[in-house]
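Asks: For reference, the structure I am asking about is given below.
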Amino acid sequence: MSDEDDLDDFEPDQDDLEKEDDEKDTEDWEDNRKEGEEYSEERMPTPLTEDMMKEALSLLCKTGNGLAHAYVKLEVKERDLTDISLLRSYIHLRYVDVSENHLTDLSPLNHLTHLLWLKADGNRLRSARLNELPYLQIASFAYNQITDTEGISHPRLGSLDLKGNHIRLVTDLDPQKLISLHTLELRGNQLESTLGINLPKLKNLYLAQNLLKKVEGLENLSNLTTLHLRDNQIETLSGFSGEMKSLQYLNLRGNMVTDLGELAKLRDLPKLRALVLLDNPCTDETDYRQEALVQMAHLERLDKDFYEEEERAEANEIRQRLKEDQEQEADPEHDTESDQPLTS
């Protein structure tokens, strides 16, 4: 990917769009949480039936041997389902949408070994645990009641969505098993730590709207390009490492960074091009934009605005003066000469 292509990802109004998306996500999260509370009482069982299957099946495809055909797509959204045991016998399904029901158990899906795509948002699941599904590439369990990340080990899984759940700590995401995972969505949980996200192939990580106070344990994410940490409680920027050599976009909007000196901890990120720090206390400082560019010479965009050439030239001058001052302070001959008494 060229530098020009990279810049296409960072439009000046991206944060306005993000704000709208985040507000919508928050509303959805609250709506689903309230619905979950309403559904906490016992419900009349509503199993998936053959009649429902006839209406909901689509996409006729050849089966594995190429001599027969079967429907491979199922959409049974908003059917008040409490039981999908019938799916055990539909082994050819590849695309399944069972979102917006009242499911607490997805174990019948363990029999769907050809499954490529799964959406199970807005149910009453407490776990995303399934047997290893060899072809599963996209899985979404958003807005459930999931409390952990145990039992997720699909080798071709590329995108995993767990936003709007009750996860406090990430555990058991094994990089030896999740060898294809490039996007992990954990917004709107109750995460208190970033430990446990040791997935070197990861490219996109979304951790907004949690309870994070710092970043830790992400040093090995050498392929990470996008990191969203918006609306947490982060005060310090310790935890960012030069090993995060691919990170281009970092969103820290709505945190608690007060000291502009913390920005120096981001200077070892060699590809950081866009940084969002709006709604942090440090952005009230008059030299905020300039200080960020002095600390990070490669930064191209801060918050909504790209840096102008004049700003960049001024930052270069300040950086050069600071370098000269440091060199003079470190020069012992300079110190000796300055200490000599004046002679007539």
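Asks: Residue check: is R289 touching a strand residue (DSSP E or B) at 6+ places or on another chain (Cβ under 7 Å) and open to solvent by 30 Å² or more (accessible area, probe 1.4 Å)?
Replies: Judged against the criteria, R289 is a match.
Asks: Oh, and also: Within the group T194, T283, which residue is β-branched (V, I, T) and not in a loop (DSSP other than H, G, I, E, B)?
Replies: Values: T194 fails: not in a loop (DSSP other than H, G, I, E, B).
Every option except T283 fails the conditions.
Asks: Looking at S58, is it in a strand (DSSP E or B) and either within 26 Å of N189 (Cβ to Cβ) or hydroxyl-bearing (S, T, Y) (or both)? Show your work before the answer.
Replies: Details: in a strand (DSSP E or B): yes; either within 26 Å of N189 (Cβ to Cβ) or hydroxyl-bearing (S, T, Y) (or both): yes.
It is true that S58 is in a strand (DSSP E or B) and either within 26 Å of N189 (Cβ to Cβ) or hydroxyl-bearing (S, T, Y) (or both).
Asks: Could I ask something else about it? Say we look at segment 286-306 and pick out the residues that are part of a loop (DSSP other than H, G, I, E, B), within 26 Å of the chain's Cα centre (by Cα) and not hydrophobic (A, V, I, L, M, F, W, C); which of these is farthest from N223 (Cα to Cα)?
Replies: First pass over segment 286-306, keeping only residues part of a loop (DSSP other than H, G, I, E, B): 286-287, 296-300, 303-304.
So of that shortlist, the ones also within 26 Å of the chain's Cα centre (by Cα) come out as 296-300, 303-304.
When the remaining residues are screened for being not hydrophobic (A, V, I, L, M, F, W, C), the result is 298, 300, 303-304.
Details: H298: 18, E300: 20, D303: 23, K304: 25 Å.
By that ranking, first place goes to K304.
Asks: Which fully enclosed strands (runs of 3 or more DSSP E) of segment 202-273 have 1 or more residues being open to solvent by 30 Å² or more (accessible area, probe 1.4 Å)? Write out each step before concluding.
Replies: Details: elements: 204-206, 226-228, 249-251.
Once the strands (runs of 3 or more DSSP E) in segment 202-273 are filtered for at least 1 residues that are open to solvent by 30 Å² or more (accessible area, probe 1.4 Å), what remains is 204-206.
Asks: Which residues, counting only those in segment 155-191, are among the polar types (S, T, N, Q) and either closer than 17 Å to M244 by Cα or in a loop (DSSP other than H, G, I, E, B) (or both)?
Replies: Within segment 155-191, N165, T171, Q176, S180, T183, N189, Q190 qualify.
Asks: State all residues of segment 59-80 that are closer than 19 Å to V98 by Cβ and more than 32 Å from the chain's Cα centre (by Cα); if no residue qualifies, say none.
Replies: Those that are closer than 19 Å to V98 by Cβ and more than 32 Å from the chain's Cα centre (by Cα): A70, Y71.
Asks: What single numbered condition from (1) open to solvent by 40 Å² or more (accessible area, probe 1.4 Å); (2) at pLDDT 95 or above; (3) assigned to a strand (DSSP E or B) fails to hold for Y71?
Replies: (2)
Asks: State the number of residues belonging to segment 99-136 that are open to solvent by 70 Å² or more (accessible area, probe 1.4 Å) and among the charged types (D, E, K, R). First the steps, then the outcome.
Replies: Kept after step one, since they are open to solvent by 70 Å² or more (accessible area, probe 1.4 Å), are these residues of segment 99-136: 104-105, 111, 114, 117, 126, 129, 131-132, 135.
Okay, now just the ones that are also among the charged types (D, E, K, R), so 105, 126, 129, 132.
Number of matching residues: 4.
Asks: Go through the residues of segment 235-247 one by one and say whether even a single one is out of contact with any strand residue (DSSP E or B) (no Cβ under 6 Å at 6 or more places or on another chain), at pLDDT 95 or above, closer than 22 Å to K163 by Cα and of a type in the set (G, A, S).
Replies: No, the conditions are met nowhere in segment 235-247.
Asks: State yes or no: is L184 among the aliphatic types (A, V, I, L, M), within 17 Å of I146 (Cα to Cα) and open to solvent by 60 Å² or more (accessible area, probe 1.4 Å)?
Replies: Details: among the aliphatic types (A, V, I, L, M): yes; within 17 Å of I146 (Cα to Cα): yes; open to solvent by 60 Å² or more (accessible area, probe 1.4 Å): no.
When the stated conditions are applied, L184 does not pass them.
Asks: Hey, can you tell me all the residues within segment 74-90 that are open to solvent by less than 60 Å² (accessible area, probe 1.4 Å) and assigned to a loop (DSSP other than H, G, I, E, B)?
Replies: Across segment 74-90, the qualifying residues are V76, L81, T82, I84, Y90.
The values are calculated or read from the model by the stated rules, or taken from the named source; none is laboratory data. All values derive from a computational prediction rather than experimental measurement. We place every Cβ from the backbone using ideal geometry, glycine too, and count neighbours over all the protein chains shown. SASA here: full protein model, heavy atoms, side chains in, ligands and nucleic acids out. Shrake-Rupley method; radii C 1.70, N 1.55, O 1.52, S 1.80 Å.
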